[in-house]
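The block underneath contains the structure these notes are about, expressed in C-alpha cells.
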C-alpha cells in the first residue's frame, strides 16, 4: 500500500514538474521581456539594451535594399563646436557628451558625410531602437499614402478609413488631428510615474494585447483641433489608418517598398508589432544610424531621391511647418503643453534658425534637418537620465544641433 501511494505521489510530482516546465517554456519569452523592460535604463547595459531591444519582442523585418547606396564621404576636421549655448549657459561639447551618453553621430553636409563616429559598442551597421523617431516615419508613410492616392486628404475623418472607430473617442478626429496631436483624446503620458495611461499601455503591450482595443477604450476630454497635447496614441491611430488603405501589406512591407528599397538602405530594420501583428507606430522601429540619416536627406531634398519623387514635396513642407496656433513654438503658447513647434509628427526648435525640424525619441534619439545650411544630423544616445527632464534634455540636444548647423 505504501509503495502504491509512493508511486502515485511520484507520478503527481512528475506531472506537476512537467506542467511547470511546459509553463516555463511557454512563458519564458514573457519573463525575459519583463526582466529586460525593468532593466532597460541600467546605465552600464543600456547601450546594448537599445541595440538588442527588437530581439525581445515580436517584429516585422524590413529588409535592406537590393541596391544599397552608401553616402559619399568627405570627412572634415573641427565639425563639432567646442561649446554651445543652452539654457542660458555655455556648455562644452566634451562635457555634453559625458552627460548625453551618445552611441553614434552622423553629420551630412550637401549630401556628403562630413562626420561619423560611434561609441559604447554601436557600429555603423548596428540597429538601435529609435523610440518616437518612428512617429516621424509614420508621418512619412502618411504622405506616401496620400501621394499614392490611398488617402484622399489629411483632413478626412479617421472614421472614414476606420468605420469601426465610430462612437469612440476618435469619432470627431481627422487624420490631421492625430498627426498634430490635437484630437482631444485623453491620454496621460508622464514617464516619471507608474500610475499613467502610458504605463497601462506598456503593460498591455508586454502581454501581447492588441493595441486597437486599447485605443478604443480611451475617452475624449475636449473637442479636436483646439489645442495640442502630446499623446502617442494619436500616432497609433494614424498607423491604423495607413494599415487600412494599403491592402494586404503591413506597414513594414509598405516602408520597405516605398522607402527602404528606393533609398538604398544598407541595413535591415525591425518594427515591433503587437499580438495582432500591427506595427507599434508610436515608437517601435530599430534601424541603423546611417539609414536613418537617409530619411533626413530625403526630406532635405523635399522628397526627391535619384530623380524620383518618393514623397510629395507639398507633404514635406506641410508636415514640417507649424501653421495653426497650437502648433507654434514658444514658451508662452497657452494652446500647447510644449515649448517646441510641432508639424505633422515632426518637431521644430523653440527658436528656429531658418527652416529646421527634427524627429525625437526617448533617451536621446534624433534626426535633425536644417534646410538652409544643407545639414542633416542623425544621433543616437543611451541617456538613462533623459526621463528626469525630457523637455530640458530635448532643448539641450536641439541647441547642440543648431550650433553645428550655424558653423556652416
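The values are calculated or read from the model by the stated rules, or taken from the named source; none is laboratory data. Predicted model, so just to flag it, every value in this text is computed and none were measured. For neighbour counting, all protein chains shown are included, and Cβ atoms are generated from backbone atoms with ideal geometry for every residue, glycine included.
Structure values in brief
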{"item": "Residues of region 371-401 satisfying the condition of being in a loop (DSSP other than H, G, I, E, B) and within 21 Å of the chain's Cα centre (by Cα)", "result": "382, 383, 384, 385, 389"}
{"item": "Residues (surrounded by fewer than 18 Cβ atoms within 10 Å (Cβ to Cβ) and either within 15 Å of the chain's Cα centre (by Cα) or at pLDDT 95 or above (or both)) located in region 336-349", "result": "339"}
{"item": "Identity of the residue in region 352-370, part of a loop (DSSP other than H, G, I, E, B) and free of Cβ contacts under 8 Å to residues at least 40 places away in the same chain, that ends up nearest to residue 396 (Cα to Cα)", "result": "352"}
{"item": "Checking residue 140 against (1) within 26 Å of residue 265 (Cβ to Cβ); (2) touching a strand residue (DSSP E or B) at 6+ places or on another chain (Cβ under 8 Å); (3) buried (at least 18 other Cβ atoms within 10 Å of the Cβ), the condition it does not meet", "result": "(2)"}
{"item": "Failed item in (1) closer than 21 Å to residue 57 by Cα; (2) more than 18 Å from the chain's Cα centre (by Cα), with residue 202 passing the rest", "result": "(2)"}
{"item": "Residue match in region 129-137 (condition: outside any strand (DSSP E or B), surrounded by fewer than 15 Cβ atoms within 10 Å (Cβ to Cβ), at pLDDT 95 or above and in contact with a helix residue (DSSP H, G or I) (Cβ under 6 Å, 6 or more places away or on another chain))", "result": "no"}
{"item": "Residue count, region 392-408 (criterion: closer than 22 Å to residue 199 by Cβ and either in contact with a helix residue (DSSP H, G or I) (Cβ under 8 Å, 6 or more places away or on another chain) or at pLDDT below 95 (or both))", "result": "1"}
{"item": "Leading residue by the ranking (surrounded by the fewest Cβ atoms within 10 Å (Cβ to Cβ)) among those in region 289-310 that are over 26 Å from residue 50 (Cβ atoms), touching a helix residue (DSSP H, G or I) at 6+ places or on another chain (Cβ under 7 Å) and in contact (Cβ under 8 Å) with a residue 40 or more places away in the chain", "result": "308"}
{"item": "Subset of region 145-163 (residues that are in contact (Cβ under 8 Å) with a residue 40 or more places away in the chain, within 20 Å of residue 215 (Cβ to Cβ) and assigned to a helix (DSSP H, G or I))", "result": "145, 158, 161"}
{"item": "Number of the exception - residue 404 against (1) surrounded by fewer than 19 Cβ atoms within 10 Å (Cβ to Cβ); (2) over 20 Å from the mean Cα position of the chain (by Cα)", "result": "(1)"}
{"item": "Some residue of region 311-326 being surrounded by fewer than 22 Cβ atoms within 10 Å (Cβ to Cβ), under 18 Å from residue 365 (Cβ atoms), at pLDDT 95 or above and in contact with a helix residue (DSSP H, G or I) (Cβ under 9 Å, 6 or more places away or on another chain)", "result": "no"}
{"item": "Hits in region 255-280 - residues which are in contact (Cβ under 8 Å) with a residue 24 or more places away in the chain and more than 17 Å from the chain's Cα centre (by Cα)", "result": "258, 261, 262, 263, 264, 265, 266, 267, 275, 276, 277"}
{"item": "Hey, residue 126 more than 22 Å from residue 233 (Cβ to Cβ), touching a helix residue (DSSP H, G or I) at 6+ places or on another chain (Cβ under 8 Å), in contact (Cβ under 8 Å) with a residue 24 or more places away in the chain and surrounded by fewer than 24 Cβ atoms within 10 Å (Cβ to Cβ) or not", "result": "yes"}
{"item": "Subset of region 256-275 (residues that are closer than 11 Å to residue 292 by Cα and surrounded by fewer than 23 Cβ atoms within 10 Å (Cβ to Cβ))", "result": "263, 266, 267"}
{"item": "Candidates 286, 314 - the one that is under 19 Å from the mean Cα position of the chain (by Cα) and either part of a helix (DSSP H, G or I) or touching a residue at least 24 places away in the same chain (Cβ under 8 Å) (or both)", "result": "286"}
